[in-house]
1. What do you reckon, is Glu281 closer than 24 Å to Pro192 by Cβ, free of Cβ contacts under 8 Å to residues at least 60 places away in the same chain and assigned to a loop (DSSP other than H, G, I, E, B)?
2. Name the helices (runs of 4 or more DSSP H) wholly within the stretch 157-253 that hold at least 2 residues that are farther than 25 Å from Ser60 by Cβ?
3. Filter the stretch 284-296 down to the residues that are surrounded by 16 or more Cβ atoms within 10 Å (Cβ to Cβ) and in a helix (DSSP H, G or I), then identify the one that is farthest from ligand 2 (Cβ to nearest atom).
4. Residue by residue through the stretch 124-176, note down the ones that are more than 13 Å from ligand 1 (Cβ to nearest atom) and under 16 Å from Val309 (Cα atoms).
5. Only one of these is surrounded by 16 or more Cβ atoms within 10 Å (Cβ to Cβ), within 16 Å of ligand 2 (Cβ to nearest atom) and without any contact (Cβ under 8 Å) to a residue 60 or more places away in the chain: Val200, Val188, Val165. Name it.
6. Just a yes or no: is a residue in the stretch 165-178 of a type in the set (A, V, I, L, M), under 18 Å from the mean Cα position of the chain (by Cα) and on the phi > 0 side of the Ramachandran plot?
7. Go through the stretch 64-87 and report how many residues are at pLDDT 95 or above and assigned to a helix (DSSP H, G or I).
8. Scan (1) closer than 24 Å to Val70 by Cα; (2) at pLDDT 95 or above; (3) surrounded by fewer than 16 Cβ atoms within 10 Å (Cβ to Cβ) for the single condition Lys100 breaks and write down its number.
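The values are calculated or read from the model by the stated rules, or taken from the named source; none is laboratory data. None of the values given here were measured: they were computed from a predicted structure. Backbone-built Cβ (ideal geometry, glycine too); neighbour counts: all protein chains shown.
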Amino acid sequence: MELVNEEQFKGRDFLTLYDYTPEEINFIMDFAEKLKDEHKKGITHHLLKGKTLGMIFQKSSTRTRVSFEVGMYQLGGYALFLSRNDLQLGRGETIEDTGKVFSRYLDGIMIRTFDQAEVERLAEAADIPVINGLTDLLHPCQALADIFTIREYKGKLRGIKLAYVGDGNNVANSLLIAGAKMGMNVVVCCPPGYEPDGEVLKKAYSTAESTGSKIEVLNDPETAVSGADVVYTDVWTSMGQEDEAQKRAEIFKPYQVNADLIRKAKKQCIVMHCLPAHRGEEITDEVMDGKQSVVFDQAENRLHVQKAVMALIMAD
Ligand code: CP
Ligand code: NVA
């Protein structure tokens, strides 16, 4: 069993859960649990007093923006919202130059953008930690909040079966990485041609060999959710794919998470969605507002896990 201490997190980027060991991921979640618990009791931890986080947004956001901004405030720091249109980045300044300049003012950068390579280039150029707040490829903060939520409800991750039904997108990719790392059984069920990223899958299969996790990609929703402890879905059309919305709405119709499908999973299964949801498309109102839905816990937990990540990587 690898020993973990807070020193080993200082100054690191958070670009993908692939860069963190299962023990480190557990350490972050234990810390998040403590922060959450104490926050509920009114105990404050100004672990990032005087520190500033820059938040670059090249795509829309409700949860990511608010949870990072509030998280920094609760940790005694400050967060700056920087939309693409307000930055010289939108007028051709390079991401590398932006990163070098930001390193002279800030203590950390959170970025939401299209290309994962842009996040990696920023991290390479910047001297301060960079956090991936979603790319077309990955959404690691979401996956961390999701496994934290599953741990809260199920008491463990190892051996838990998560069936993701829908598009093999950024959220599916990050869940595959998180699930493989933590010894979960992850089934991604999608229409042919909408599978998760090939490289991500390859890494998930090889990680699974050492963690005892099981990874599968299927096309039939009923088979996928059979025996599932967690049924997860996300929008059929992600940000940046708006032109394909109509075509996708047709293709994904058989993949809706509705009451009939949930009945095929374990009786005690929980239902998850990273939000925003397109009610009536990938998930019905009945399921989203039903007793098994934990979607708002997931949203809340973004705050707690991101506070843990920021406190660990941005602390002196
Ligand atoms: N789940 C998530 O990242 O939500 P936002 O797009 O609202 O940030
Ligand atoms: N897959 C969605 C997730 C939003 C949080 C998107 O990229 O739009």
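1. In short, yes.
2. 170-181, 198-211, 221-225
3. The selected residue is Val287.
4. The answer is Ile128, Pro129, Val130, Ile147, Phe148.
5. Going through Val200, Val188, Val165 in turn, the sole match is Val188.
6. no
7. Of the residues in that region, 11 qualify.
8. Every listed condition holds for Lys100 apart from (1).
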